[in-house]
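Encoded as structure tokens, the structure appears first; notes follow it.
The values are calculated or read from the model by the stated rules, or taken from the named source; none is laboratory data. Everything numeric here is computed off the predicted structure, so don't read it as measured data. Because the Cβ atoms are built from the backbone with ideal geometry, glycine has one as well, and the counts that use them run over all protein chains shown.
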Amino acid sequence: MEIQPRSFGDSLADVVSNLGKVWKPLLGPAIVASVAMGLLTIVALESTDSFPVFELVLNNPEALELMTDSERAEILIQLRSGVMLVSLVSTVVYGFLYLTAARAIGGAFSMADEVAVVGAAIRLYPIWLIATIIAGIAATGGLFLLIIPGLWLAIMFNLYTPVIAIEGKGPVAALRRSFELVRGNFWETVGFLLIVGLAGGAAGLLFQLVAIPMLMTGETSFAAGLTFAIGVVVQGLILAAIAVGSTTWYLNLRARTDGPYLVEVAG
């Protein structure tokens, strides 16, 4: 199938179409990634002693007002450490799912085997990790300078994952290619990624609105277990859908930049 340049609205519609093509092969990796993210988040919070801090903030905020400034500062340091470690863990796990989603979309056009898609994502993961470290250092440096440059770089480098997954480029080449694709489409890229992210957030919020009544009815342990199990699946699918959205936008920007093309998955 030849990929043609698409309008902003058509690309949003393509997200739904592409998700319909790849949700089955993505379901397993999405659940695995979601479970891993949950378990590693618990480990991260335990290792930084952040659980008591979260419990205090959520259940006894009045106690914070009675603390001295030094005590509050110490708690904030704990909380910041936990949040930073959880963010790092989430990024590392989400990277695998993003690679899998991008590879699955490329495979949907080239009839790639589902097992080969996951295998390729595992093989390409070290390349993705190096690119992520480079992009993270560049964006963080920009944030320390004037904030705006860091945000700008984060958007310009946003599409390096599908570049690695589909074009098979190395870390630096993938970042350079993402920069090339987003250049001239910056604000559309911001809007597209924002809409996809907000849609994912809204889906997560909707699940929470359904899950809370479930927790308040019936046997507590059973309701909690059922809600957690469903939540794992839902969270995994939401993350996969966001990855599909970003990859769909990459396919469109590639057509805009290079002209119409046939998707061929490298390697």
Go through (1) crowded, with 17+ Cβ neighbours inside 10 Å; (2) modelled with pLDDT of 95 or more and name the single condition E180 misses.
(1)
Would you please list the contacts, defined by Cβ atoms under 7 Å and residues six or more apart or on different chains, that run from a residue in region 71-97 that is free of Cβ contacts under 8 Å to residues at least 24 places away in the same chain and farther than 30 Å from I242 by Cβ to a residue that is hydrophobic (A, V, I, L, M, F, W, C) and surrounded by fewer than 16 Cβ atoms within 10 Å (Cβ to Cβ)?
R72/L64
Residue pairs within 7 Å by beta carbon, gap of at least six or interchain, first lying in region 1-18 and within 14 Å of A241 (Cα to Cα), second among the charged types (D, E, K, R) and in a loop (DSSP other than H, G, I, E, B), listed first then second, are D14/R6
If you take the residues in region 247-264 that are in a helix (DSSP H, G or I) and in contact with a helix residue (DSSP H, G or I) (Cβ under 7 Å, 6 or more places away or on another chain), which one is farthest from N18 (Cα to Cα)?
T257
